[in-house]
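Notes for the one structure printed next.
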Amino acid sequence: MRVDIKEDDIHLFPHSDKVVHFTMFFILTALFSIAVSAKSAAEIPFKQLLFILFCCAAYGAVLELFQGTIWVGRDKDIVDWVADVVGSVCGLLVARKFFNQNLDNRHGSVQNWHD
């Protein structure tokens, strides 16, 4: 079954779909990185950062390739994938900063309590 979505039906402003791609992958990657780092309770190692980015970028690429198939009826767009990757990088950076600050605050409060 083919689902046809007209481009004009979903655009709020020019390139609004790129903002949606960026936002979705920002949230996806931030939550993914927080979940990974919460288990180790330490800064995410560089290899894990690359793994998270690779997974999210690959997911975005697969989605774009799937959109180009006859079943979806939409065009694949490399710029959508670029928005996915940029959103993932930004989400990872914000999540790391947020998680590291919270981790420092928790360690500081525990150390102060024991002193």
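Observations on the model:
- Cβ-Cβ contacts under 7 Å between residues 6 or more apart (or on different chains), taken from a first residue in segment 49-68 that is at negative phi and touching a residue at least 24 places away in the same chain (Cβ under 8 Å) to a second residue that is part of a helix (DSSP H, G or I) and open to solvent by 50 Å² or more (accessible area, probe 1.4 Å), are listed as Ile52/Phe32; Leu53/Val89; Cys56/Leu28; Cys56/Phe32; Gly60/Trp81.
- Residue selected from segment 33-54 under the condition touching a Leu at 6+ places or on another chain (Cβ under 9 Å) and within 14 Å of Lys97 (Cα to Cα), by the criterion modelled with the lowest pLDDT: Ala41
- Test: residue in segment 47-57 that is farther than 18 Å from Ala30 by Cβ and either part of a helix (DSSP H, G or I) or open to solvent by less than 40 Å² (accessible area, probe 1.4 Å) (or both): yes
The values are calculated or read from the model by the stated rules, or taken from the named source; none is laboratory data. This is a predicted model, so every value here is computed, not measured. With ideal geometry, Cβ positions are generated from the backbone for all residues, glycine too; neighbour counts draw on all protein chains shown. Calculation scope for accessible area: heavy atoms of the full protein, side chains included, ligands and nucleic acids excluded. Shrake-Rupley method; radii C 1.70, N 1.55, O 1.52, S 1.80 Å.
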